[in-house]
Amino acid sequence: MFPQLLILLELLATATLVALVARRLRVPYSSALVVTGLFMSAFALVPNVALSPDVIIYLFLPVLLFESALNTDATALREHLAPVLLLSTLGMGTMAAITGAVLHLGLGWNWPVALLVGSLLSVTDTVAVLAIFKDLQAPPALTTIVESESLFNDGTALVLYRVLLGVVLTGTIAPAQAVIQFVWVAIGGLAIGGAIGLVASWVLKQTRDHLTEIMLTTFVALGSFFVAQAVGVSGVVAVVTVGLIVGNYGWRRSLSPTSQVALGSFWEYAGFGVNSAVFLLVGLNLSRTDWIVMLPAILVAYFGVFLGRICTIYPAFWLLNRVQTEPTPLRWQHLMVWGNLKGSLTMALTLSLPLAVHAQAPILSVVFGVVLISLLLQGLTLGPLVRLLGLVGLPSARALFEREQLKVIAARAAQNELKTLLDAGMLPRESYERLRSRYQVAIARSERELRRLGSEFPSHSEDVLDDVRHRLLLVEKGAVLGALRQRLISAEVAQAYLAELDKRLVNWPELPAPEPETE
(Lines give C-alpha, C1' and ligand atoms only; values in the text may rest on other atoms or scores of the structure.)
Protein backbone atom coordinates (compact mmCIF):
# COMPACT_ATOMS: atom_id res chain seq x y z
CA MET A 1 0.00 0.00 0.00
CA PHE A 2 1.01 3.62 -0.50
CA PRO A 3 1.55 5.29 2.91
CA GLN A 4 0.79 8.76 1.52
CA LEU A 5 -2.57 7.53 0.20
CA LEU A 6 -3.45 6.01 3.57
CA ILE A 7 -2.61 9.29 5.32
CA LEU A 8 -4.72 11.20 2.81
CA LEU A 9 -7.68 8.87 3.34
CA GLU A 10 -7.33 9.20 7.10
CA LEU A 11 -7.30 12.99 6.89
CA LEU A 12 -10.33 12.99 4.55
CA ALA A 13 -12.27 10.72 6.91
CA THR A 14 -11.30 12.89 9.87
CA ALA A 15 -12.35 16.12 8.14
CA THR A 16 -15.70 14.58 7.17
CA LEU A 17 -16.38 13.39 10.72
CA VAL A 18 -15.37 16.75 12.20
CA ALA A 19 -17.68 18.54 9.76
CA LEU A 20 -20.63 16.42 10.88
CA VAL A 21 -19.88 16.84 14.58
CA ALA A 22 -19.17 20.58 14.30
CA ARG A 23 -22.47 21.12 12.51
CA ARG A 24 -24.33 19.17 15.19
CA LEU A 25 -22.58 21.02 18.07
CA ARG A 26 -22.82 24.38 16.25
CA VAL A 27 -19.13 25.22 16.68
CA PRO A 28 -16.87 26.79 14.02
CA TYR A 29 -15.65 24.10 11.63
CA SER A 30 -12.13 25.55 11.37
CA SER A 31 -11.65 25.71 15.15
CA ALA A 32 -12.92 22.13 15.49
CA LEU A 33 -10.41 20.97 12.86
CA VAL A 34 -7.54 22.69 14.67
CA VAL A 35 -8.47 21.05 17.97
CA THR A 36 -8.77 17.67 16.23
CA GLY A 37 -5.36 18.12 14.62
CA LEU A 38 -3.79 18.97 17.99
CA PHE A 39 -5.39 15.88 19.53
CA MET A 40 -4.22 13.61 16.71
CA SER A 41 -0.69 15.00 16.88
CA ALA A 42 -0.49 14.74 20.68
CA PHE A 43 -1.51 11.07 20.64
CA ALA A 44 0.41 10.22 17.44
CA LEU A 45 -2.75 9.05 15.66
CA VAL A 46 -1.21 9.94 12.29
CA PRO A 47 2.41 10.09 11.12
CA ASN A 48 4.11 13.47 11.16
CA VAL A 49 2.57 15.48 8.30
CA ALA A 50 4.52 18.67 7.60
CA LEU A 51 2.71 21.85 6.66
CA SER A 52 4.58 22.63 3.44
CA PRO A 53 4.76 26.40 2.87
CA ASP A 54 5.13 25.90 -0.90
CA VAL A 55 1.93 23.83 -1.08
CA ILE A 56 0.06 26.40 1.02
CA ILE A 57 1.30 29.44 -0.90
CA TYR A 58 1.38 28.12 -4.48
CA LEU A 59 -1.58 25.73 -4.43
CA PHE A 60 -3.96 26.26 -1.50
CA LEU A 61 -3.73 30.07 -1.35
CA PRO A 62 -4.65 30.68 -5.03
CA VAL A 63 -7.61 28.31 -4.73
CA LEU A 64 -8.94 30.04 -1.61
CA LEU A 65 -8.42 33.53 -2.99
CA PHE A 66 -9.95 32.74 -6.38
CA GLU A 67 -12.99 31.01 -4.84
CA SER A 68 -13.62 33.98 -2.56
CA ALA A 69 -13.11 36.57 -5.31
CA LEU A 70 -15.25 34.57 -7.74
CA ASN A 71 -18.23 34.86 -5.38
CA THR A 72 -17.69 38.52 -4.50
CA ASP A 73 -20.41 40.74 -5.91
CA ALA A 74 -18.79 43.77 -7.54
CA THR A 75 -21.91 45.88 -6.92
CA ALA A 76 -21.89 45.16 -3.19
CA LEU A 77 -18.13 45.73 -3.11
CA ARG A 78 -18.50 49.16 -4.72
CA GLU A 79 -21.07 50.16 -2.10
CA HIS A 80 -18.57 49.46 0.68
CA LEU A 81 -15.36 50.26 -1.19
CA ALA A 82 -14.30 53.11 1.11
CA PRO A 83 -14.02 51.07 4.35
CA VAL A 84 -12.56 48.08 2.51
CA LEU A 85 -9.77 50.12 0.90
CA LEU A 86 -9.05 52.07 4.08
CA LEU A 87 -8.80 48.96 6.23
CA SER A 88 -6.75 46.95 3.72
CA THR A 89 -4.18 49.69 3.07
CA LEU A 90 -3.67 52.30 5.77
CA GLY A 91 -5.40 50.14 8.38
CA MET A 92 -3.28 47.09 7.60
CA GLY A 93 -0.10 49.17 7.71
CA THR A 94 -1.14 50.67 11.05
CA MET A 95 -1.83 47.25 12.52
CA ALA A 96 1.52 45.87 11.33
CA ALA A 97 3.34 48.89 12.78
CA ILE A 98 1.62 48.69 16.18
CA THR A 99 2.12 44.92 16.43
CA GLY A 100 5.76 45.34 15.47
CA ALA A 101 6.23 48.09 18.06
CA VAL A 102 4.84 45.84 20.82
CA LEU A 103 7.16 43.02 19.74
CA HIS A 104 10.12 45.41 19.74
CA LEU A 105 9.36 46.98 23.11
CA GLY A 106 7.93 43.90 24.85
CA LEU A 107 10.24 41.18 23.56
CA GLY A 108 13.31 43.16 22.57
CA TRP A 109 13.29 42.09 18.93
CA ASN A 110 15.07 44.42 16.52
CA TRP A 111 12.84 46.72 14.47
CA PRO A 112 13.12 44.99 11.05
CA VAL A 113 12.26 41.54 12.45
CA ALA A 114 9.50 42.94 14.68
CA LEU A 115 7.85 44.75 11.77
CA LEU A 116 8.22 41.68 9.54
CA VAL A 117 6.39 39.52 12.08
CA GLY A 118 3.89 42.35 12.52
CA SER A 119 3.07 42.10 8.83
CA LEU A 120 2.69 38.32 9.15
CA LEU A 121 0.25 38.70 12.02
CA SER A 122 -1.73 41.35 10.12
CA VAL A 123 -2.97 38.76 7.64
CA THR A 124 -6.59 37.92 8.42
CA ASP A 125 -8.32 34.58 7.98
CA THR A 126 -12.08 35.01 7.87
CA VAL A 127 -13.15 31.47 6.95
CA ALA A 128 -14.53 30.75 10.43
CA VAL A 129 -15.96 34.26 10.71
CA LEU A 130 -17.89 34.03 7.45
CA ALA A 131 -19.17 30.55 8.33
CA ILE A 132 -20.56 31.90 11.61
CA PHE A 133 -22.04 34.93 9.86
CA LYS A 134 -23.78 32.62 7.37
CA ASP A 135 -25.20 30.35 10.06
CA LEU A 136 -26.49 33.24 12.17
CA GLN A 137 -27.60 35.36 9.20
CA ALA A 138 -25.53 38.39 10.13
CA PRO A 139 -26.24 41.64 8.23
CA PRO A 140 -25.20 41.25 4.56
CA ALA A 141 -23.37 44.58 4.54
CA LEU A 142 -21.20 43.51 7.49
CA THR A 143 -20.43 40.21 5.79
CA THR A 144 -19.42 42.03 2.59
CA ILE A 145 -17.08 44.38 4.45
CA VAL A 146 -15.40 41.57 6.41
CA GLU A 147 -14.98 39.28 3.40
CA SER A 148 -13.74 42.03 1.06
CA GLU A 149 -11.36 43.44 3.67
CA SER A 150 -9.82 40.00 4.13
CA LEU A 151 -9.53 39.56 0.36
CA PHE A 152 -7.63 42.81 -0.15
CA ASN A 153 -5.84 42.64 3.19
CA ASP A 154 -4.06 39.44 2.13
CA GLY A 155 -2.65 41.18 -0.95
CA THR A 156 -1.47 44.26 0.93
CA ALA A 157 0.02 42.24 3.78
CA LEU A 158 1.95 39.98 1.42
CA VAL A 159 3.34 42.95 -0.51
CA LEU A 160 4.48 44.56 2.76
CA TYR A 161 5.89 41.20 3.88
CA ARG A 162 8.05 40.95 0.76
CA VAL A 163 9.39 44.47 1.22
CA LEU A 164 10.21 43.95 4.91
CA LEU A 165 11.80 40.55 4.26
CA GLY A 166 14.22 42.23 1.88
CA VAL A 167 15.06 44.78 4.58
CA VAL A 168 15.73 42.04 7.16
CA LEU A 169 17.94 40.01 4.81
CA THR A 170 19.96 42.95 3.48
CA GLY A 171 20.11 44.90 6.72
CA THR A 172 19.56 48.18 4.86
CA ILE A 173 16.54 50.45 4.90
CA ALA A 174 15.85 52.72 1.92
CA PRO A 175 12.39 54.27 2.46
CA ALA A 176 12.04 55.66 -1.06
CA GLN A 177 13.09 52.38 -2.66
CA ALA A 178 10.75 50.43 -0.32
CA VAL A 179 7.79 52.61 -1.33
CA ILE A 180 8.60 52.22 -5.03
CA GLN A 181 8.89 48.45 -4.63
CA PHE A 182 5.60 48.31 -2.73
CA VAL A 183 3.78 50.24 -5.47
CA TRP A 184 5.41 48.23 -8.28
CA VAL A 185 4.55 44.87 -6.73
CA ALA A 186 0.92 45.88 -6.14
CA ILE A 187 0.28 47.59 -9.50
CA GLY A 188 2.12 44.84 -11.38
CA GLY A 189 -0.11 42.18 -9.82
CA LEU A 190 -3.18 44.26 -10.66
CA ALA A 191 -2.10 44.63 -14.31
CA ILE A 192 -1.29 40.93 -14.80
CA GLY A 193 -4.49 39.85 -13.09
CA GLY A 194 -6.55 42.27 -15.13
CA ALA A 195 -5.09 41.08 -18.42
CA ILE A 196 -5.53 37.39 -17.61
CA GLY A 197 -9.03 37.98 -16.26
CA LEU A 198 -10.18 39.76 -19.43
CA VAL A 199 -8.70 37.06 -21.68
CA ALA A 200 -10.24 34.30 -19.57
CA SER A 201 -13.65 36.01 -19.67
CA TRP A 202 -13.45 36.25 -23.47
CA VAL A 203 -12.50 32.57 -23.78
CA LEU A 204 -15.39 31.59 -21.51
CA LYS A 205 -17.78 33.29 -23.94
CA GLN A 206 -16.56 30.96 -26.71
CA THR A 207 -17.06 27.73 -24.77
CA ARG A 208 -20.21 25.69 -24.28
CA ASP A 209 -18.79 22.82 -22.22
CA HIS A 210 -18.86 23.23 -18.44
CA LEU A 211 -15.98 20.75 -17.95
CA THR A 212 -13.74 22.87 -20.18
CA GLU A 213 -14.84 25.97 -18.29
CA ILE A 214 -13.94 24.40 -14.95
CA MET A 215 -10.54 23.43 -16.31
CA LEU A 216 -9.98 26.94 -17.66
CA THR A 217 -10.83 28.66 -14.37
CA THR A 218 -8.57 26.26 -12.49
CA PHE A 219 -5.74 27.08 -14.90
CA VAL A 220 -6.14 30.85 -14.62
CA ALA A 221 -6.45 30.69 -10.80
CA LEU A 222 -3.14 28.85 -10.42
CA GLY A 223 -1.46 30.23 -13.53
CA SER A 224 -2.01 33.91 -12.73
CA PHE A 225 -0.34 33.40 -9.35
CA PHE A 226 2.69 31.69 -10.88
CA VAL A 227 3.06 34.27 -13.65
CA ALA A 228 2.89 37.19 -11.23
CA GLN A 229 5.37 35.62 -8.81
CA ALA A 230 7.72 34.79 -11.67
CA VAL A 231 7.95 38.42 -12.82
CA GLY A 232 8.39 39.69 -9.27
CA VAL A 233 4.95 41.17 -8.56
CA SER A 234 2.15 40.15 -6.20
CA GLY A 235 0.53 36.82 -7.06
CA VAL A 236 -2.19 37.44 -4.46
CA VAL A 237 -3.27 40.70 -6.08
CA ALA A 238 -3.22 38.99 -9.49
CA VAL A 239 -5.43 36.08 -8.38
CA VAL A 240 -7.91 38.36 -6.60
CA THR A 241 -8.17 40.56 -9.71
CA VAL A 242 -8.71 37.56 -11.99
CA GLY A 243 -11.37 36.17 -9.66
CA LEU A 244 -13.27 39.47 -9.50
CA ILE A 245 -13.25 39.90 -13.29
CA VAL A 246 -14.17 36.29 -14.11
CA GLY A 247 -16.81 36.16 -11.38
CA ASN A 248 -18.58 39.37 -12.31
CA TYR A 249 -18.11 39.44 -16.09
CA GLY A 250 -16.98 36.08 -17.44
CA TRP A 251 -19.11 33.82 -15.22
CA ARG A 252 -22.40 35.58 -14.61
CA ARG A 253 -22.63 37.30 -18.00
CA SER A 254 -21.17 34.75 -20.40
CA LEU A 255 -21.90 31.23 -19.20
CA SER A 256 -25.05 29.20 -19.64
CA PRO A 257 -27.09 28.46 -16.51
CA THR A 258 -25.92 24.84 -16.53
CA SER A 259 -22.28 25.96 -16.63
CA GLN A 260 -22.88 28.48 -13.84
CA VAL A 261 -24.32 25.75 -11.61
CA ALA A 262 -21.45 23.35 -12.40
CA LEU A 263 -18.74 25.99 -11.97
CA GLY A 264 -20.21 27.28 -8.72
CA SER A 265 -20.48 23.76 -7.28
CA PHE A 266 -16.89 22.92 -8.26
CA TRP A 267 -15.35 25.98 -6.66
CA GLU A 268 -17.52 25.66 -3.57
CA TYR A 269 -16.20 22.12 -3.10
CA ALA A 270 -12.61 23.20 -3.87
CA GLY A 271 -12.75 25.97 -1.26
CA PHE A 272 -14.28 23.67 1.34
CA GLY A 273 -11.79 20.89 0.68
CA VAL A 274 -8.75 23.14 0.80
CA ASN A 275 -9.92 24.86 4.00
CA SER A 276 -10.52 21.47 5.62
CA ALA A 277 -7.02 20.29 4.73
CA VAL A 278 -5.37 23.53 5.80
CA PHE A 279 -6.93 23.81 9.25
CA LEU A 280 -6.39 20.13 10.00
CA LEU A 281 -2.72 20.51 9.02
CA VAL A 282 -2.51 23.65 11.15
CA GLY A 283 -3.63 21.66 14.18
CA LEU A 284 -1.18 18.85 13.41
CA ASN A 285 1.73 21.31 13.21
CA LEU A 286 0.87 23.56 16.17
CA SER A 287 2.26 20.95 18.56
CA ARG A 288 5.77 22.11 17.65
CA THR A 289 5.54 25.04 20.07
CA ASP A 290 6.94 24.78 23.60
CA TRP A 291 3.86 26.36 25.16
CA ILE A 292 5.03 26.62 28.79
CA VAL A 293 8.35 28.30 28.04
CA MET A 294 7.02 30.57 25.28
CA LEU A 295 3.67 31.51 26.85
CA PRO A 296 4.76 34.98 28.10
CA ALA A 297 6.14 35.93 24.67
CA ILE A 298 3.03 34.53 22.95
CA LEU A 299 0.75 36.61 25.19
CA VAL A 300 2.78 39.75 24.48
CA ALA A 301 2.47 39.14 20.72
CA TYR A 302 -1.25 38.41 21.04
CA PHE A 303 -1.71 41.65 22.96
CA GLY A 304 0.13 43.49 20.18
CA VAL A 305 -2.15 42.00 17.51
CA PHE A 306 -5.27 42.84 19.50
CA LEU A 307 -4.07 46.38 20.24
CA GLY A 308 -3.22 46.90 16.57
CA ARG A 309 -6.69 45.80 15.51
CA ILE A 310 -8.35 48.12 18.02
CA CYS A 311 -6.25 51.07 16.86
CA THR A 312 -7.20 50.24 13.27
CA ILE A 313 -10.94 49.61 13.38
CA TYR A 314 -12.27 52.29 15.69
CA PRO A 315 -10.30 55.30 14.32
CA ALA A 316 -10.96 54.21 10.72
CA PHE A 317 -14.71 54.02 11.17
CA TRP A 318 -14.73 57.17 13.28
CA LEU A 319 -13.36 58.98 10.22
CA LEU A 320 -15.61 57.16 7.76
CA ASN A 321 -18.75 57.83 9.78
CA ARG A 322 -18.06 61.56 9.43
CA VAL A 323 -18.45 61.36 5.66
CA GLN A 324 -20.68 58.32 5.04
CA THR A 325 -24.41 58.80 4.65
CA GLU A 326 -24.99 55.51 6.49
CA PRO A 327 -22.58 55.26 9.45
CA THR A 328 -21.22 51.86 10.45
CA PRO A 329 -22.75 50.77 13.80
CA LEU A 330 -20.44 50.44 16.78
CA ARG A 331 -21.63 46.85 17.28
CA TRP A 332 -20.25 45.95 13.85
CA GLN A 333 -16.91 47.46 14.81
CA HIS A 334 -16.75 45.36 18.00
CA LEU A 335 -17.35 42.25 15.93
CA MET A 336 -14.67 43.18 13.39
CA VAL A 337 -12.14 43.62 16.20
CA TRP A 338 -12.90 40.24 17.78
CA GLY A 339 -13.30 38.47 14.45
CA ASN A 340 -9.70 39.14 13.41
CA LEU A 341 -8.64 35.49 13.28
CA LYS A 342 -5.27 34.17 12.17
CA GLY A 343 -4.79 30.98 10.20
CA SER A 344 -3.01 29.05 7.51
CA LEU A 345 -1.45 31.87 5.49
CA THR A 346 0.23 33.35 8.55
CA MET A 347 1.68 29.95 9.44
CA ALA A 348 2.77 29.19 5.87
CA LEU A 349 4.61 32.50 5.52
CA THR A 350 6.30 31.92 8.88
CA LEU A 351 7.48 28.46 7.84
CA SER A 352 8.83 29.85 4.58
CA LEU A 353 11.08 32.43 6.29
CA PRO A 354 14.81 31.85 5.68
CA LEU A 355 16.86 30.30 8.51
CA ALA A 356 18.76 33.55 8.89
CA VAL A 357 15.53 35.27 9.98
CA HIS A 358 14.48 32.47 12.34
CA ALA A 359 17.88 32.65 14.01
CA GLN A 360 17.23 36.22 15.18
CA ALA A 361 14.14 35.44 17.33
CA PRO A 362 11.79 32.54 18.29
CA ILE A 363 9.39 33.61 15.53
CA LEU A 364 7.89 30.18 14.83
CA SER A 365 6.78 29.49 18.40
CA VAL A 366 5.35 32.98 18.93
CA VAL A 367 3.40 33.07 15.67
CA PHE A 368 2.04 29.53 16.10
CA GLY A 369 0.93 30.40 19.63
CA VAL A 370 -0.91 33.52 18.46
CA VAL A 371 -2.63 31.52 15.72
CA LEU A 372 -3.83 28.90 18.22
CA ILE A 373 -5.17 31.45 20.71
CA SER A 374 -6.89 33.30 17.89
CA LEU A 375 -8.61 30.24 16.44
CA LEU A 376 -9.70 28.81 19.78
CA LEU A 377 -10.44 31.82 21.98
CA GLN A 378 -11.87 34.15 19.36
CA GLY A 379 -13.21 31.50 17.00
CA LEU A 380 -15.21 29.62 19.64
CA THR A 381 -16.62 32.78 21.24
CA LEU A 382 -17.50 34.65 18.06
CA GLY A 383 -20.93 33.05 17.73
CA PRO A 384 -22.02 33.98 21.28
CA LEU A 385 -20.69 37.51 20.71
CA VAL A 386 -22.82 37.87 17.57
CA ARG A 387 -25.88 36.89 19.60
CA LEU A 388 -24.89 39.13 22.52
CA LEU A 389 -24.57 42.14 20.22
CA GLY A 390 -28.00 41.44 18.75
CA LEU A 391 -26.68 40.89 15.24
CA VAL A 392 -28.43 37.57 14.67
CA GLY A 393 -30.44 38.03 11.53
CA LEU A 394 -33.27 35.66 12.44
CA PRO A 395 -36.35 37.92 12.51
CA SER A 396 -39.10 37.37 15.05
CA ALA A 397 -41.57 36.65 12.23
CA ARG A 398 -39.46 33.75 10.99
CA ALA A 399 -39.10 32.37 14.52
CA LEU A 400 -42.89 32.42 14.93
CA PHE A 401 -43.39 30.73 11.58
CA GLU A 402 -40.87 28.00 12.35
CA ARG A 403 -42.32 27.33 15.78
CA GLU A 404 -45.77 26.66 14.34
CA GLN A 405 -44.32 24.63 11.47
CA LEU A 406 -42.45 22.51 14.01
CA LYS A 407 -45.69 21.83 15.88
CA VAL A 408 -47.35 20.65 12.65
CA ILE A 409 -44.39 18.42 11.74
CA ALA A 410 -44.29 16.84 15.21
CA ALA A 411 -48.07 16.27 15.35
CA ARG A 412 -48.17 14.65 11.91
CA ALA A 413 -45.23 12.41 12.79
CA ALA A 414 -47.14 11.29 15.90
CA GLN A 415 -50.23 10.59 13.80
CA ASN A 416 -48.17 8.45 11.42
CA GLU A 417 -46.82 6.46 14.36
CA LEU A 418 -50.35 5.96 15.69
CA LYS A 419 -51.40 4.56 12.29
CA THR A 420 -48.44 2.17 12.35
CA LEU A 421 -49.42 0.93 15.82
CA LEU A 422 -53.05 0.50 14.73
CA ASP A 423 -52.10 -1.48 11.62
CA ALA A 424 -49.82 -3.71 13.70
CA GLY A 425 -52.67 -4.51 16.07
CA MET A 426 -50.95 -2.90 19.04
CA LEU A 427 -53.55 -0.16 19.55
CA PRO A 428 -57.34 -0.42 19.80
CA ARG A 429 -59.37 1.53 17.24
CA GLU A 430 -61.08 3.60 19.94
CA SER A 431 -57.77 4.69 21.48
CA TYR A 432 -56.40 5.44 18.01
CA GLU A 433 -59.32 7.73 17.14
CA ARG A 434 -59.14 9.57 20.46
CA LEU A 435 -55.40 10.19 20.31
CA ARG A 436 -55.44 11.07 16.62
CA SER A 437 -58.18 13.67 17.16
CA ARG A 438 -56.07 15.39 19.81
CA TYR A 439 -53.18 15.76 17.39
CA GLN A 440 -55.59 16.87 14.67
CA VAL A 441 -56.81 19.70 16.91
CA ALA A 442 -53.21 20.78 17.48
CA ILE A 443 -52.52 20.70 13.73
CA ALA A 444 -55.62 22.77 12.97
CA ARG A 445 -54.64 25.32 15.63
CA SER A 446 -51.12 25.68 14.22
CA GLU A 447 -52.39 25.94 10.65
CA ARG A 448 -54.75 28.77 11.67
CA GLU A 449 -51.80 30.51 13.34
CA LEU A 450 -49.70 30.09 10.19
CA ARG A 451 -52.45 31.66 8.08
CA ARG A 452 -52.64 34.58 10.52
CA LEU A 453 -48.88 35.07 10.44
CA GLY A 454 -48.98 34.89 6.64
CA SER A 455 -51.42 37.78 6.48
CA GLU A 456 -49.53 39.75 9.14
CA PHE A 457 -46.08 39.20 7.58
CA PRO A 458 -46.74 38.78 3.84
CA SER A 459 -43.08 39.30 2.90
CA HIS A 460 -41.93 36.38 5.03
CA SER A 461 -44.76 34.24 3.73
CA GLU A 462 -43.50 34.91 0.20
CA ASP A 463 -39.95 34.00 1.28
CA VAL A 464 -41.22 30.65 2.54
CA LEU A 465 -42.96 30.08 -0.78
CA ASP A 466 -39.74 30.93 -2.62
CA ASP A 467 -37.88 28.32 -0.55
CA VAL A 468 -40.50 25.73 -1.47
CA ARG A 469 -40.26 26.62 -5.17
CA HIS A 470 -36.47 26.30 -5.03
CA ARG A 471 -36.72 22.90 -3.39
CA LEU A 472 -39.22 21.75 -6.01
CA LEU A 473 -36.84 22.79 -8.78
CA LEU A 474 -34.15 20.58 -7.25
CA VAL A 475 -36.63 17.72 -7.01
CA GLU A 476 -37.55 18.19 -10.67
CA LYS A 477 -33.91 18.11 -11.68
CA GLY A 478 -33.32 14.93 -9.69
CA ALA A 479 -36.31 13.27 -11.34
CA VAL A 480 -35.11 14.18 -14.84
CA LEU A 481 -31.59 12.89 -14.12
CA GLY A 482 -33.08 9.67 -12.75
CA ALA A 483 -35.20 9.18 -15.87
CA LEU A 484 -32.14 9.82 -18.04
CA ARG A 485 -30.06 7.23 -16.15
CA GLN A 486 -32.85 4.66 -16.62
CA ARG A 487 -32.97 5.52 -20.36
CA LEU A 488 -36.65 6.44 -20.14
CA ILE A 489 -36.05 9.61 -22.14
CA SER A 490 -33.53 10.67 -24.76
CA ALA A 491 -30.46 12.67 -23.82
CA GLU A 492 -31.41 15.50 -26.20
CA VAL A 493 -34.81 16.07 -24.59
CA ALA A 494 -33.37 15.72 -21.07
CA GLN A 495 -30.56 18.22 -21.68
CA ALA A 496 -33.00 20.82 -22.99
CA TYR A 497 -35.23 20.45 -19.95
CA LEU A 498 -32.25 20.44 -17.56
CA ALA A 499 -30.94 23.66 -19.14
CA GLU A 500 -34.30 25.33 -18.44
CA LEU A 501 -34.25 24.10 -14.83
CA ASP A 502 -30.68 25.36 -14.37
CA LYS A 503 -31.72 28.75 -15.74
CA ARG A 504 -34.49 28.99 -13.17
CA LEU A 505 -32.14 27.81 -10.38
CA VAL A 506 -29.43 30.34 -11.26
CA ASN A 507 -31.89 33.23 -11.52
CA TRP A 508 -34.04 32.13 -8.58
CA PRO A 509 -36.03 33.85 -7.17
CA GLU A 510 -36.05 36.49 -9.93
CA LEU A 511 -37.65 34.19 -12.52
CA PRO A 512 -41.19 33.17 -11.62
CA ALA A 513 -42.31 29.58 -11.83
CA PRO A 514 -44.09 28.73 -15.09
CA GLU A 515 -47.85 29.07 -14.90
CA PRO A 516 -49.85 25.85 -15.32
CA GLU A 517 -51.45 25.41 -18.70
CA THR A 518 -55.22 25.88 -18.87
CA GLU A 519 -57.51 24.27 -21.35
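To the nearest 20 debye, what charge dipole does the chain have about its Cα centre, counting +1 at the Cβ of each Lys and Arg and -1 at the Cβ of each Asp and Glu?
Working: 36 positive and 36 negative charges, 170 e Å.
With only Lys, Arg, Asp and Glu charged at Cβ, the dipole is about 820 debye.
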Expressed per residue, the solvent accessible area of the chain in Å² (1.4 Å probe) is about 51 Å²
Measuring from the longest principal axis of the C-alpha atoms of the chain, the long axis of helix 458-485 (C-alpha) lies at a number of degrees, nearest 10, equal to 90 degrees
Looking only at lysines whose Cα falls under 21 Å of Lys477's and that sit 8 or more positions away or on another chain, we get Lys503
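On a full-extension model of 0.36 nm per residue, what is the gain between Phe303 and Ser455, subtracting their alpha-carbon distance, rounded to one decimal in nm? The partial results should precede the final answer.
Values: separation 152, 0.36 × 152 = 54.72 nm, distance 5.25 nm.
That pair, Phe303 and Ser455, stretches by 49.5 nm at full extension.
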With only helices counted (DSSP H, runs n ≥ 4, each -39500 (n - 2.57)), the per-residue ellipticity at 222 nm for the chain, to the nearest 500, works out to -25500 deg cm²/dmol
For the stretch 79-96, Karplus-derived ³J(HN,Hα) couplings (6.51, -1.76, 1.60; θ = phi - 60°; whole Hz; x for glycine and proline) come out as 5, 10, 5, 4, x, 5, 5, 5, 6, 7, 10, 4, x, 5, x, 5, 5, 4
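Provide the gained length on full extension for the span Gln181 to Leu421, in nm with one decimal, where the gain is 0.36 nm per separating residue minus the Cα-Cα distance.
Working: separation 240, 0.36 × 240 = 86.40 nm, distance 7.80 nm.
Separation in residues times 0.36 nm, less the Cα-Cα distance, equals 78.6 nm.
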Looking only at lysines whose Cα falls under 22 Å of Lys419's and that sit 8 or more positions away or on another chain, we get Lys407
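Tally up the carbon and sulfur contribution to the accessible surface of the stretch 261-332 as a whole percent, 1.4 Å probe, everything protein left in place.
Numbers: 2560 of 3560 Å².
Summing carbon and sulfur atoms, their accessible area is 72 percent of the total for the stretch 261-332.
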Honestly the chain on the Cα gyration tensor test (a ≥ b ≥ c root eigenvalues; a/c under 1.5 rounded, otherwise a/b vs b/c for prolate or oblate) is just prolate
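What relative contact order, as a whole-number percentage, does the chain give when Cα pairs under 8 Å and 6 or more residues apart are counted? Please list the in-between numbers first.
Values: 621 pairs, mean separation 112.4, N = 519.
Once normalised by length, the contact order is 22 percent.
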Taking 147-156, 66-75, 407-416, 483-492 and ranking on average Cβ neighbours within 10 Å, highest first, one gets 147-156, 66-75, 407-416, 483-492
Quick P(r) readout (the stretch 175-325; Cα-Cα; 10 Å bins; whole %) gives 10, 22, 25, 28, 13, 2, 0
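According to the square roots a ≥ b ≥ c of the eigenvalues of the Cα gyration tensor, what is the shape class of the stretch 11-65, taking rounded for a/c under 1.5, prolate for a/b larger than b/c otherwise, and oblate for the remainder? If you can, show how the numbers build up before the last one.
Numbers: a/c = 2.44, a/b = 1.26, b/c = 1.95.
Oblate, since a/c reaches 1.5 and b/c is not below a/b.
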Note: Leu385 to Gln440 extended length (0.36 nm per residue) minus current alpha-carbon separation gives 15.7 nm
Rounded to whole angstrom, the alpha-carbon centroid of the stretch 55-125 lies from that of the stretch 146-219 at a distance of 14 Å
Projecting the Cα atoms of Ile363, Leu244, Gln378 onto the charge dipole of the chain, where Lys and Arg contribute +1 and Asp and Glu -1 at Cβ, the residue farthest towards the positive end is Gln378
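The values are calculated or read from the model by the stated rules, or taken from the named source; none is laboratory data. Keep in mind that this is a model prediction, so the values were computed, not measured. All Cβ positions, glycine included, derive from the backbone under ideal geometry; neighbour counts span all protein chains shown. Side chains included, ligands, DNA and RNA excluded: accessible areas come from the protein's heavy atoms. Shrake-Rupley method; radii C 1.70, N 1.55, O 1.52, S 1.80 Å.
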